[in-house]
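The block underneath contains the structure these notes are about, expressed in structure tokens.
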Amino acid sequence: MRIFLPFYYLFYSRLKSNISRIAWIFTYIIPIFIVSYLSNIEFIFTFLLIFSIYFTYEIGYIYNDCEVIKKEINPTLRLKKEDIQYYEKYKLIIYSIRILFLSIIIGIIYLSYPYYINPVFYTLGGILFLYIIHNSIRNHWNILSYSLLNFFRYFAFFSFIEQDVFFCFLLWIIYPLCVTIEFSSKSRFYTSNYIKIPNFDRFRVFYYILLVFISFPLCIIIFNKYTIIFLILSFYFALYRLLSFFLIAKKYRNT
């Protein structure tokens with residue numbers, strides 16, 4: 001029955017270790033609250049937004065792990081055999097209950113924060129649409145769908161609120177671009193011939209330090225809410241990646 005609970009499937013299938021769960025808090029939850037705070041968005045609504053996004057995202061995860069693998073030659077198996085059997089037996093109930101819970105959250109948002117309902121619909125609808133596309137193809141276009149999925153999971157809502165292309169671009173640079181570069185270095189993509197990343201932790205440190213150096217003059221030239229958010233998030237991720245890198249290096253030195 002726990003598969004019906006929000007975030008359970010995320011932790012069960014993706015974030016299995018305590019370290020990965022802590023990292024998720026620092027790389028997702030905190031940045032979302034930072035952007036919400038700087039955008040004067042209510043604290044409670046941000047919780048509801050995160051719940052609705054991950055309820056939607058987990059539907060994509062479940063479909064990918066239980067349905068898409070049937071079409072693949074060498075699928076990535078994230079679930080045990082008994083989990084797949086449970087899914088096959090109760091999949092209609094699983095999807096129905098999850099859609100019901102998601103509808104309740106959307107209903108709460110509609111009643112309590114009606115001015116946010118359209119951006120929420122666009123965000124959740126975009127995630128479902130992109131997941132259908134992402135799970136339907138297995139070629140180089142997955143790089144684009146992966147990048148867009150990450151953007152919608154992180155920052156699409158704020159882009160729909162502001163309706164500013166420049167702000168949208170800055171938010172994409174902050175996180176989705178970084179993970180897209182990493183994703184495109186996988187051997188199954190032709191881009192791996194040009195993108196070589198021997199050490200992902202070191203690459204992330206370099207990436208965010210570079211963003212800090214870019215965000216400073218940008219904030220001086222164009223001083224507004226968008227560049228301030230870009231500057232703060234660049235500093236935040238740079239600090240987080242630096243600390244993570246040194247902690248990992250210290251761990252290996254002590255072993």
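What are the residues in region 210-253 that are hydroxyl-bearing (Ser, Thr, Tyr) and modelled with pLDDT of 95 or more, if any?
Filtering region 210-253 for residues hydroxyl-bearing (Ser, Thr, Tyr) gives 215, 226-227, 234, 236, 240, 244, 252.
Ser215, Tyr226, Thr227, Ser234, Tyr236, Tyr240 - these are the residues of region 210-253 that are hydroxyl-bearing (Ser, Thr, Tyr) and modelled with pLDDT of 95 or more.
Regarding region 86-93, can at least one residue be identified that is touching a helix residue (DSSP H, G or I) at 6+ places or on another chain (Cβ under 7 Å), of a type in the set (Val, Ile, Thr) and part of a helix (DSSP H, G or I)?
Looking through region 86-93, none of the residues is touching a helix residue (DSSP H, G or I) at 6+ places or on another chain (Cβ under 7 Å), of a type in the set (Val, Ile, Thr) and part of a helix (DSSP H, G or I).
What are the pairs with Cβ atoms under 8 angstrom where one residue, in region 199-218, is in the same structural domain as Phe245 (by TED's automatic domain parsing) and the other, located anywhere, is β-branched (Val, Ile, Thr)? Sequence gap at least six, or different chains.
Asp201/Ile248; Phe203/Ile181; Phe203/Ile197; Tyr207/Ile181; Leu211/Ile173; Leu211/Ile174; Ser215/Thr227; Leu218/Thr227
Answer yes or no as to whether Arg21 is surrounded by fewer than 16 Cβ atoms within 10 Å (Cβ to Cβ), touching a residue at least 40 places away in the same chain (Cβ under 8 Å) and within 15 Å of the chain's Cα centre (by Cα).
On the way: surrounded by fewer than 16 Cβ atoms within 10 Å (Cβ to Cβ): yes; touching a residue at least 40 places away in the same chain (Cβ under 8 Å): no; within 15 Å of the chain's Cα centre (by Cα): yes.
No; evaluated as a whole, the condition is false for this residue.
Which one is nearest to the chain's Cα centre (by Cα) among residues in region 87-128 that are charged (D, E, K, R) and surrounded by fewer than 13 Cβ atoms within 10 Å (Cβ to Cβ)? Write out each step before concluding.
Here is the first cut: in region 87-128, the residues charged (D, E, K, R) are 88-89, 91, 98.
With the extra rule that they be surrounded by fewer than 13 Cβ atoms within 10 Å (Cβ to Cβ), the set shrinks to 88-89.
Details: Glu88: 27, Lys89: 29 Å.
Residue satisfying both the conditions and the ranking: Glu88.
Exactly one of (1) at pLDDT 95 or above; (2) surrounded by fewer than 17 Cβ atoms within 10 Å (Cβ to Cβ); (3) of a type in the set (A, V, I, L, M, F, W, C) is unmet by Val205. Its number?
(2)
Across region 167-190, which residue is farthest from the chain's Cα centre (by Cα) among those that are among the polar types (S, T, N, Q) and surrounded by 15 or more Cβ atoms within 10 Å (Cβ to Cβ)? Steps first, please.
Filtering region 167-190 down to residues among the polar types (S, T, N, Q) leaves 180, 184-185, 187.
Now restrict to residues that are surrounded by 15 or more Cβ atoms within 10 Å (Cβ to Cβ): 180, 184-185.
Working: Thr180: 11, Ser184: 16, Ser185: 18 Å.
Looking at residues that are among the polar types (S, T, N, Q) and surrounded by 15 or more Cβ atoms within 10 Å (Cβ to Cβ), I get Ser185.
Under 7 Å between Cβ atoms, at least 6 apart or on separate chains: pull out the pairs that start in region 224-250 with a residue that is under 26 Å from Phe169 (Cβ atoms) and end on any residue that is at pLDDT 95 or above and among the acidic types (Asp, Glu).
Correct list of pairs: Tyr226/Asp164.
Please go through region 30-43 and pick out each residue that is without any contact (Cβ under 8 Å) to a residue 24 or more places away in the chain and either exposed (fewer than 15 other Cβ atoms within 10 Å of the Cβ) or assigned by TED's automatic domain parsing to the domain that holds Tyr240 (or both).
If the condition is that a residue be without any contact (Cβ under 8 Å) to a residue 24 or more places away in the chain and either exposed (fewer than 15 other Cβ atoms within 10 Å of the Cβ) or assigned by TED's automatic domain parsing to the domain that holds Tyr240 (or both), then Tyr37, Asn40, Phe43 are the ones that fit.
Okay, residues lined up against (1) in the same structural domain as Phe200 (by TED's automatic domain parsing); (2) closer than 21 Å to Glu42 by Cβ:
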position: Ile106; (1), (2): no, yes
position: Ser112; (1), (2): no, yes
position: Val120; (1), (2): no, yes
position: Gly125; (1), (2): no, no
position: Phe129; (1), (2): no, no
position: Asn139; (1), (2): no, no
position: Leu144; (1), (2): no, no
position: Leu149; (1), (2): no, no
position: Cys168; (1), (2): yes, no
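Only one of (1) surrounded by 15 or more Cβ atoms within 10 Å (Cβ to Cβ); (2) at pLDDT 95 or above fails for Tyr131. Which number is that?
Tyr131 satisfies every listed condition except (2).
The values are calculated or read from the model by the stated rules, or taken from the named source; none is laboratory data. Note that this is a predicted model, so its numbers are computed, not measured. Reconstructed Cβ throughout: ideal geometry from the backbone, glycine too, with neighbour counts over all protein chains shown.
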